[in-house]
């Protein structure tokens with residue numbers, strides 16, 4: 001698969017987006033764990049809300065990156 005400089009840059013930006021999404025997913029679990037184990041129901045509710053919001057954001061960022069990687073690869077294969 002031969003990539004032009006523009007496609008190569010798009011590929012790496014998309015890879016960084018996938019890595020960023022994975023990092024957000026990892027941090028969402030690590031950051032909300034203390035809230036989820038707290039005895040106060042308000043803290044648990046906030047922890048659940050933050051977990052869902054961060055998990056959605058991380059999944060969205062990662063899937064945008066995966067879609068861009070696939071699109072770049074398909075465009076390069078169709079061209080060559």
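The values are calculated or read from the model by the stated rules, or taken from the named source; none is laboratory data. Note that the structure is predicted; figures quoted are calculated from it, not measured. Here the Cβ positions follow ideal geometry from the backbone for every residue, glycine too, while neighbour counts run over all protein chains shown.
Remarks
- Test for residue 54: is it part of a helix (DSSP H, G or I), surrounded by 17 or more Cβ atoms within 10 Å (Cβ to Cβ), modelled with pLDDT of 95 or more and on the phi < 0 side of the Ramachandran plot: yes
- Every listed requirement among (1) surrounded by 13 or more Cβ atoms within 10 Å (Cβ to Cβ); (2) over 22 Å from the mean Cα position of the chain (by Cα); (3) touching a residue at least 12 places away in the same chain (Cβ under 8 Å) is met by residue 44 save one, (3).
- Boolean, residue 59 is at pLDDT below 95, out of contact with any strand residue (DSSP E or B) (no Cβ under 9 Å at 6 or more places or on another chain), within 30 Å of residue 74 (Cα to Cα) and surrounded by 13 or more Cβ atoms within 10 Å (Cβ to Cβ): no
- Subset of the stretch 27-37 (residues that are free of Cβ contacts under 8 Å to residues at least 24 places away in the same chain and exposed (fewer than 13 other Cβ atoms within 10 Å of the Cβ)): 30, 33, 34, 37
- Selected residue [within 22 Å of residue 74 (Cβ to Cβ), under 9 Å from the mean Cα position of the chain (by Cα) and assigned to a helix (DSSP H, G or I)] from 21, 9: 21
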